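All remarks here apply to the structure that follows.
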Amino acid sequence: MTAPNVRVRFAPSPTGLLHVGNARTALYNWLFARRTHGVFLLRIEDTDLERSETRYEDQLIEDLRWLGLEWDEGPGQPAEATGEMGAYGPYRQSERLAVYAEHTARLLAEGKAYRCFCTQDELEAERKTAAAVNGPQIYSRRCLNLSPAEIEANIAAGKHFAVRLRIEDHPLRFHDMVRGPVEFAAEAVSDPILVRSASGVSAGVPVYNYVVTIDDALMGISHVIRGDDHISNTPKQVAIYQTFGWKVPEFAHLSTILGADRERLSKRHGATSISTFREMGYLPEALVNYLALLGWGAEDGNTETFTLNELTQAFSLERVTASPAIFDFDKLNWLNRHYLKQTDPARMAALAWPYFAGRFEHLDQATQHLLGPWFGRLLALFLPHVDHLDQLPAKAAPIFGYDLEAACANEENIAVLAADSARTVLGELGGYVRAHNGRVTPDVFKEWMNEIKAATGIKGKDLFHPVRIALTGAHSGPDFDKVLPLIEDGAELALGISSVRDRIEQFVGV
Ligand code: GLU
């Protein structure tokens, strides 16, 4: 598929953390650009000075890079590209205020916009009157035909004014690549405010619908791909394009993301921000793969695992669905496990290390180095049992989290340990441990267990569960063959892990 001159943008407001909905928007834009050999640009929409924060901008830039969605133009990219309508940059709206002011002056001079001196109270009264008779909530246009003298007198009297677009009465239409043709009556739009009245906190600030349109037009945006929460804004933007005589781009409004209860996805449902997923130990390739499937599906209707590269080949906006997407944490976990399995051990170790860092930071460099192979074995043993990496420390509790008191206080353990057979087995085991010098290898251990079984006639669960509790704190868990060497080597590496011998002696001594 080729479409010449595709230029798309991701235009986040740095007023909070990048969440899955916006990340999906970024991804679809990125994929569409890559698929069509177009340009993907990042624009920071920070005109809301009260709520915009640099730390959110920094975070979202980090998150996009982490996901692998690098932009061709925008903050952090050296080239200030230019197009037919002049320079495309700057790409931060707070640096473009002069551009907006210039356009406002032009609209006012051409009579395509007008100053509105109505106060909040007056507008509120108008709304109430309309509501009382069930009339449409449209502005009365009281200020449309003020004479130049009246305008001048108002300004001289220090009255504040907003700037409104004058909309001619015709339907506002646009094409949506996800929904098809969309039409709104001009009345749905009224004469929208372009620049807020200078009386409020946001004194004289141009509004979102206005600046987004100016920027999209001047930046040569061919396709506006964004969340469907903006669909009701689109007719206003179309009216602005038409007023300036600019070509209206194609739109693609992406469906809302819902939780399993079909309510809009929110923190209530679990993690929603990219940085939280990252902290939890989801891999970027899993998240990207999952986000791609939130509203898009492969042509074969079947394939669900896609790398970013494969997505670039397979993605098309035509296959994006208009119905809401349900965020399925189980599926995301499944994909994460899929990619964890494929990750090479060196990368895996680097990714998992921070979750154990507190345990290792007291060690000198040389010991940390020695730790590598041991840590690799630890991961090999426990990774298959986690959905995301922050679950590792709890899963690795048999090695790290050995806690005699907690083990003895656990109700399931109490039930196991209450049996006479348990006392017998542990008493025997204590004897073997005391008589033994050096490491407890799996072979030595197996021999003890066989001998205890032969001597006492106790077998199966009755034999193994109490021993497992004494060794790892839980009656079930991974194979002794794997756990024992990890415990013994960990104890030798001075990781604050007690040896098999210490554990059993301590336990039996209780
Ligand atoms: N700054 C807007 C937002 O974050 C951008 C919307 C758009 O893409 O037009 O919702």
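The values are calculated or read from the model by the stated rules, or taken from the named source; none is laboratory data. Nothing here was measured: the structure is a model prediction, and the numbers come from that model. Virtual Cβ from ideal backbone geometry, glycine too; neighbours counted across all protein chains shown.
Quick grid of which residues meet (1) part of a helix (DSSP H, G or I); (2) more than 31 Å from the chain's Cα centre (by Cα):
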position: HIS362; (1), (2): no, yes
position: ALA366; (1), (2): yes, yes
position: HIS369; (1), (2): yes, yes
position: PHE375; (1), (2): yes, no
position: LEU383; (1), (2): yes, no
position: ALA406; (1), (2): yes, yes
position: ASN413; (1), (2): yes, yes
position: VAL440; (1), (2): no, yes
Against the conditions (1) buried (at least 17 other Cβ atoms within 10 Å of the Cβ); (2) of a type outside the set (Asp, Glu); (3) within 19 Å of ILE167 (Cα to Cα), where does ALA186 fall short? Just the number, please. (1)
Filtering the stretch 404-459 down to residues that are surrounded by fewer than 14 Cβ atoms within 10 Å (Cβ to Cβ), of a type in the set (S, T, N, Q) and at pLDDT below 95 yields ASN437
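Inside the stretch 178-194, can you point out the residues that are in contact with a strand residue (DSSP E or B) (Cβ under 9 Å, 6 or more places away or on another chain) and modelled with pLDDT under 85?
Here is the first cut: in the stretch 178-194, the residues in contact with a strand residue (DSSP E or B) (Cβ under 9 Å, 6 or more places away or on another chain) are 178-179, 181-186, 188-194.
Those that are in contact with a strand residue (DSSP E or B) (Cβ under 9 Å, 6 or more places away or on another chain) and modelled with pLDDT under 85: ALA185, ALA186, ALA188, VAL189.
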With GLU57, GLU62, GLU50 as the choices, which residue is farther than 17 Å from ASN209 by Cα and assigned to a loop (DSSP other than H, G, I, E, B)? GLU50
Of all residues in the stretch 226-245, count the ones that are away from the ligand (no atom under 12 Å from the Cβ), small (Gly, Ala, Ser) and not in a loop (DSSP other than H, G, I, E, B). 1
Could you please tell me which pairs satisfy a Cβ distance under 6 Å, a separation of 6+ or placement on different chains, a first residue in the stretch 285-307 that is at positive phi, and a second residue that is among the hydroxyl-bearing types (Ser, Thr, Tyr)? GLY295/SER255; GLY295/THR321
Which condition number in (1) more than 16 Å from the ligand (Cβ to nearest atom); (2) within 20 Å of the chain's Cα centre (by Cα); (3) of a type in the set (A, V, I, L, M); (4) closer than 29 Å to THR243 by Cα is the one that LEU108 fails? (2)
Out of (1) surrounded by fewer than 17 Cβ atoms within 10 Å (Cβ to Cβ); (2) in a helix (DSSP H, G or I), what's the single condition that is false for GLY111? (2)
Single residue of the stretch 145-177 satisfying the filter (at pLDDT below 90 and among the charged types (D, E, K, R)) that is surrounded by the fewest Cβ atoms within 10 Å (Cβ to Cβ): ASP169
Checking THR47 against (1) touching a helix residue (DSSP H, G or I) at 6+ places or on another chain (Cβ under 6 Å); (2) modelled with pLDDT of 95 or more, only one condition comes out false. Which one? (2)
Sole residue being within 14 Å of the ligand (Cβ to nearest atom), under 26 Å from HIS37 (Cα atoms) and under 20 Å from the mean Cα position of the chain (by Cα), chosen from HIS253, HIS223: HIS253
What pairs can you find where one residue is in the stretch 403-432 and farther than 12 Å from ARG468 by Cβ, the other is aromatic (Phe, Trp, Tyr), and their Cβ atoms are less than 6 Å apart, with a gap of 6+ or different chains? TYR432/TRP448
